[in-house]
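The structure under discussion appears below in the form of structure tokens.
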Amino acid sequence: MSAIAAINEEARAWATKLERREIERSGCSVPAARKAVARKIGVAPGTLENIARRRTKGVRGWIVEALRVAFVQELQKEIERLSHEREMALRGGNHTDADQAREVEAYLAEARRVLGSGL
């Protein structure tokens, strides 16, 4: 795989992950998620469409970096949210059962692992 093809695939992977997270969070359609992600990183939705459909000759480096940074920010927000849930459960602020507590711990561990692996 050439360097350009590798960069294109990296951009596609980041864009897809961000779109999926937006869909999970808001329950919107793929086009709506794509529009939200595009707005967040400062590109036109058509740019993300072209990346998703592999209709690019070469994705600009700043776009790949913007996608990566946006994904890291999403993971950091998720860690903060889960950490808060964990703290509330430990304090007895809600009635979380043991399975839910283990699930939160697993999500936190996975998010930290992804961030620590250098993505």
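Every number in this text was worked out from the coordinates using simple rules, so none of it is lab data. Computed from a predicted structure; not experimentally measured. Backbone-built Cβ (ideal geometry, glycine too); neighbour counts: all protein chains shown.
Can you compute the radius of gyration and Dmax for the chain, using only the Cα atoms, both in Å?
Using the Cα atoms of the chain, the pair Rg, Dmax is 16.9, 54 Å.
Please report Rg (one decimal) and Dmax (integer) in Å for the Cα set of the range 7-61.
Rg then Dmax for the range 7-61, in Å: 10.5, 32.
Could you work out how far helix 30-41 tilts from the main Cα principal axis of the chain, as a 0 to 90 degree angle to the nearest 10?
90 degrees
Show me the GluC sites (Glu not before Pro) within the range 1-65 that DSSP assigns to loop and that have at most 16 other Cβ atoms within 10 Å of their Cβ. Spell out each step's value before the answer.
Details: sites: Glu9, Glu10, Glu19, Glu22, Glu24, Glu49, Glu65; in loops: none.
The qualifying sites: there are none.
Among the lysines, which have Cα under 19 Å from the Cα of Lys17 when same-chain residues fewer than 8 positions away are ignored?
Filter leaves Lys35, Lys40, Lys77.
Label-point separation (nm) for Leu90 and Val114, each offset 7 Å from Cα along Cα-to-Cβ?
Computed distance between label sites Leu90 and Val114 equals 2.3 nm.
How long is the range 64-114 along each principal axis, judged by its Cα atoms, biggest number first, in Å?
42, 16, 10
Name the trypsin sites (Lys or Arg not before Pro) in the range 40-77 that are in a loop by DSSP and that have at most 16 other C-beta atoms within 10 Å, would you? Could you put the intermediate results ahead of the total?
Numbers: sites: Lys40, Arg53, Arg54, Arg55, Lys57, Arg60, Arg68, Lys77; in loops: Arg53, Arg54, Arg55, Lys57, Arg60.
Sites meeting the loop and neighbour criteria: Arg53, Arg54, Arg55, Lys57, Arg60.
With an 8 Å Cα cut-off and a minimum separation of 6 or more residues, compute the relative contact order for the chain in percent. Write down the numbers at each step before the final one.
On the way: 84 pairs, mean separation 29.7, N = 119.
In percent, rounded to a whole number, it is 25.
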